[in-house]
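Quick one: structure below, then a few questions.
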Amino acid sequence: MLVTFDAMKNNPFPTNYYLGEEFFCDRETETQILVSGLLSGNSMTLTAIRRMGKTGLIHHVLEKLKSEMLPIYLDILPTNDKTAFVKELSTAIVNAVPEKSPIGKKIWDFIKTLRPVISFDPLTGNPQVSITGTQNDADKNIDALLKFLNNLDQKVVIAVDEFQQILAYPEKNTDAWLRSIIQTLTNVVFIFSGSQRHLITELFSDSRRPFYRSTQILHFGSIVKDSYKQFIIEKFEEAERSISPEVVEDALEWASVHTYYVQLICNRLFANAPKEVTEKDLNREIIKILEEQEIVFFQYRELLTKPQWNLLMAIGLEEKVGSPTSMGFINKYKLGSSASVLRSLQSLEQKEMIYSDPGENGQKQYQVYDVLLKRWLQYKFQVHEI
Ligand SMILES: Nc1ncnc2c1ncn2[C@@H]1O[C@H](COP(=O)(O)OP(=O)(O)O)[C@@H](O)[C@H]1O
Ligand SMILES: [Mg+2]
């Protein structure tokens, strides 16, 4: 969603939409790789953990490309099958161009030939296109839609966000079928983006699967800390406010430089702190955020088994754990046998409560996925040694 900025009313730190280039920090290398790849006709795959900034980066890249390509964005997380995918894609296509423009008119005329049911989104007023029909029709319709786009006078870029969702469709090999269509397109390139790293890895690197080597893969992590620091200070200064570099550093540290959490704490500081933001404001806003989440976090405890909860807590308290089955770690937190720890570890990973990233020396490092949960565990259960 693209939102226009009103300096009087808006907060320069959005937490769930893209506000435009001016409010987007860094990602220059990633943007450059994506823009030049797409312009040279390569489809690209984007992976990062949840809330690291994939959707923001996609919008940023589409914004940069819009003078040269027709940008189309769709999020397929809500789709459960191929028919829903066609609906999402066709809706995204008709929403990408104003109906009155020459291309818009062509697109509408074409969509109408697919006998769609058109409704209007009650919130945004934007049209939504459902193309009903059999499964066979769904295949033919996507095929026709993409071929139609391929024949426009303009190059097209289609970003499919949360792409791993196609693995959940009942139609098996949706990826194979999509791949076969994509291969024939010369004027349409794709950005595939997903957060479940293992699924994306499975789709794109497993040689038995059809997407193997079909796109250039870009995995990214945190924004460089100094760059984010500079950006935050600037945004406060532009609003004639001040925040000291130390406070910003502490905020970044607290958020583990994980984009969404950095945006969240800055958003709250901007909204609630006085003109000159201090350490005291930071601490107050942090506590407020953690307390808002508390009910949810206590529910997690109900939903997990005791060994899972204990392991989650231990990893949270340690921040990063290299060898969760080592005797030292197990004894420190009284976690039982290493077999039981291993089982809990797999289960927490599968629930995406923890994730592992290769550390500096290539050794896996386990961390709690949700930074707020991690900070809350530390806030609540850390035993302070005197
Ligand atoms: N480079 C950036 N600078 C500023 N804000 C960003 C940046 N990247 C992402 N964001 C913001 O952070 C929030 C979370 O990012 P998002 O793109 O939704 O993450 P993801 O898609 O990986 O889950 C959004 O509000 C987004 O606008
Ligand atoms: Mg996203």
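Restricting to region 55-95, name every residue that is under 20 Å from GLU171 (Cβ atoms) and touching a Lys or Arg at 6+ places or on another chain (Cβ under 9 Å).
THR79
Please state which of the following conditions ASN272 fails to meet, knowing it meets all the rest: (1) surrounded by 14 or more Cβ atoms within 10 Å (Cβ to Cβ); (2) not assigned by TED's automatic domain parsing to the domain that holds VAL160.
Every listed condition holds for ASN272 apart from (1).
Restricting region 202-212 to residues that are without any contact (Cβ under 8 Å) to a residue 24 or more places away in the chain and not charged (D, E, K, R), which is nearest to ILE49 (Cα to Cα)? Write out each step before concluding.
To start, the set of residues in region 202-212 that are without any contact (Cβ under 8 Å) to a residue 24 or more places away in the chain comprises 205-208, 212.
Those left that are additionally not charged (D, E, K, R): 205, 207, 212.
Details: SER205: 18, SER207: 23, TYR212: 21 Å.
Looking at the filtered set, the residue picked out is SER205.
From the list SER256, SER227, SER244, pick out the single residue that is under 30 Å from THR29 (Cβ atoms), touching a helix residue (DSSP H, G or I) at 6+ places or on another chain (Cβ under 6 Å) and among the hydroxyl-bearing types (Ser, Thr, Tyr). Steps first, please.
On the way: SER227 fails: touching a helix residue (DSSP H, G or I) at 6+ places or on another chain (Cβ under 6 Å); SER244 fails: touching a helix residue (DSSP H, G or I) at 6+ places or on another chain (Cβ under 6 Å).
Checking each option against the conditions leaves just SER256.
So, of the residues in region 149-162 that are among the aliphatic types (A, V, I, L, M) and in contact with a Ser or Thr (Cβ under 8 Å, 6 or more places away or on another chain), which turns out to be nearest to LEU70 (Cα to Cα)?
First, pick out the residues of region 149-162 that are among the aliphatic types (A, V, I, L, M): 149, 152, 156-160.
So of that shortlist, the ones also in contact with a Ser or Thr (Cβ under 8 Å, 6 or more places away or on another chain) come out as 159-160.
Values: ALA159: 11, VAL160: 14 Å.
Step by step, filter region 149-162, then rank; the result is ALA159.
I would also like to ask the following. Any chance you could count how many residues in region 348-359 are buried (at least 17 other Cβ atoms within 10 Å of the Cβ) and either small (Gly, Ala, Ser) or part of a loop (DSSP other than H, G, I, E, B) (or both)? Steps first, please.
Filtering region 348-359 down to residues buried (at least 17 other Cβ atoms within 10 Å of the Cβ) leaves 348, 353-356.
Those still in the list that are either small (Gly, Ala, Ser) or part of a loop (DSSP other than H, G, I, E, B) (or both) too: 353, 356.
Count: 2.
Between a first residue in region 302-330 that is under 17 Å from GLN346 (Cβ atoms) and a second residue that is among the β-branched types (Val, Ile, Thr) and not in a helix (DSSP H, G or I), which pairs have beta carbons less than 6 Å apart while being 6 or more apart in sequence or on different chains?
Between residues of region 302-330 that are under 17 Å from GLN346 (Cβ atoms) and residues that are among the β-branched types (Val, Ile, Thr) and not in a helix (DSSP H, G or I), the close pairs are ILE315/VAL321; ILE315/ILE354; ILE315/VAL368.
Quick one: in region 46-71, which of the residues that are of a type in the set (Val, Ile, Thr) and surrounded by fewer than 22 Cβ atoms within 10 Å (Cβ to Cβ) is nearest to ligand 1 (Cβ to nearest atom)? Walk me through it before giving the result.
Kept after step one, since they are of a type in the set (Val, Ile, Thr), are these residues of region 46-71: 47, 49, 55, 58, 61.
Next cut, surrounded by fewer than 22 Cβ atoms within 10 Å (Cβ to Cβ) only: 49, 55.
Numbers: ILE49: 7, THR55: 3 Å.
It comes out as THR55.
Here is a follow-up. Only one of (1) under 30 Å from LYS172 (Cβ atoms); (2) away from ligand 1 (no atom under 16 Å from the Cβ); (3) of a type in the set (S, T, N, Q) fails for SER242. Which number is that?
Unmet condition: (1).
Additional query: Taking the residues in region 41-66 that are modelled with pLDDT under 95 and polar (S, T, N, Q) as candidates, determine which candidate is nearest to ligand 2 (Cβ to nearest atom).
Looking at the filtered set, the residue picked out is THR47.
Next question. From the list GLN128, GLN165, which residue is in contact with an Asp or Glu (Cβ under 8 Å, 6 or more places away or on another chain) and over 22 Å from LEU65 (Cβ atoms)? Outline the logic, then answer.
Numbers: GLN165 fails: in contact with an Asp or Glu (Cβ under 8 Å, 6 or more places away or on another chain).
Only one candidate qualifies: GLN128.
Filter region 338-377 down to the residues that are farther than 11 Å from LEU312 by Cα, polar (S, T, N, Q) and touching a residue at least 24 places away in the same chain (Cβ under 8 Å) and list them by number.
Result: SER340, GLN363, GLN365.
I've got another one for you. Failed condition for MET1, given (1) more than 29 Å from LEU372 (Cα to Cα); (2) at pLDDT below 95, with all others met?
(1)
Related question: So GLY194 fits all but one of (1) at pLDDT below 85; (2) within 16 Å of ligand 1 (Cβ to nearest atom); (3) in contact with a helix residue (DSSP H, G or I) (Cβ under 8 Å, 6 or more places away or on another chain); what number is the exception?
Condition (1) is where GLY194 drops out.
The values are calculated or read from the model by the stated rules, or taken from the named source; none is laboratory data. Not measured: the values here are computed from a predicted model. Note that we place each Cβ from the backbone using ideal geometry, even for glycine, and neighbour counts take in every protein chain shown.
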